[in-house]
Amino acid sequence: MSHYLLSMHYSTEPENLPSSEELAPVMEQLGRLTEEMQAKRVWVFGNGLHPASTATVVRVEDGDVVTTDGPYLETKEHLGGFTIVDVDDLDAALHWGTRIAEITGLPIEVRPFQ
């Protein structure tokens, strides 16, 4: 078995953000998918993240710790959540990534752990 990161990326452009009414059924479907992954014993861990604007970046510069508010990268898309699965191979990981993409309509990056 191998661990894969299934990461969800979303647009932070206001016109692309779903309303609460649009988001509710998506979250319900994701909850059911998580239950299915848990029942099949492939789900390891996962959750959504607060907006990228809540991030704090930590750096060490010349031996000093420097923290800055906001995301590390200034982009129009950010990591919105992730799921870690423990599956046999890439094809199995892609299956679960596809299921998440079908529910969310978001791009899902499927990436193996070393």
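The values are calculated or read from the model by the stated rules, or taken from the named source; none is laboratory data. Fair warning: this is a prediction, and the values are worked out from it, not measured in the lab. Because the Cβ atoms are built from the backbone with ideal geometry, glycine has one as well, and the counts that use them run over all protein chains shown. Ligands, DNA and RNA are excluded from the accessible area calculation, which covers all protein heavy atoms including side chains. Shrake-Rupley method; radii C 1.70, N 1.55, O 1.52, S 1.80 Å.
In table form, for the structure just shown:
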read-out	value
Considering residues of segment 53-66 that are surrounded by 10 or more Cβ atoms within 10 Å (Cβ to Cβ) and of a type outside the set (Gly, Ala, Ser) only, the residue nearest to ILE108 (Cα to Cα)	THR54
Qualifying positions in segment 72-114 - within 13 Å of the chain's Cα centre (by Cα), closer than 22 Å to ALA55 by Cα and of a type in the set (S, T, N, Q)	THR83
Lone unmet requirement of (1) farther than 20 Å from LEU106 by Cβ; (2) surrounded by 11 or more Cβ atoms within 10 Å (Cβ to Cβ); (3) at pLDDT 95 or above for ALA39	(2)
Residues of segment 97-114 satisfying the condition of being small (Gly, Ala, Ser) and more than 11 Å from LEU5 (Cβ to Cβ)	ALA101, GLY105
The one condition in (1) closer than 22 Å to PHE113 by Cβ; (2) of a type in the set (Ser, Thr, Tyr); (3) not in a strand (DSSP E or B) that TYR4 fails to fulfil	(3)
Unique residue being at pLDDT below 95 and open to solvent by less than 70 Å² (accessible area, probe 1.4 Å) when the list is HIS78, HIS50	HIS78
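Okay, residues lined up against (1) at pLDDT below 95; (2) open to solvent by 50 Å² or more (accessible area, probe 1.4 Å); (3) part of a strand (DSSP E or B); (4) among the acidic types (Asp, Glu):
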site	(1), (2), (3), (4)
GLY46	no, no, yes, no
PRO71	yes, no, no, no
PHE82	no, no, yes, no
ASP86	no, no, yes, yes
ARG99	no, yes, no, no
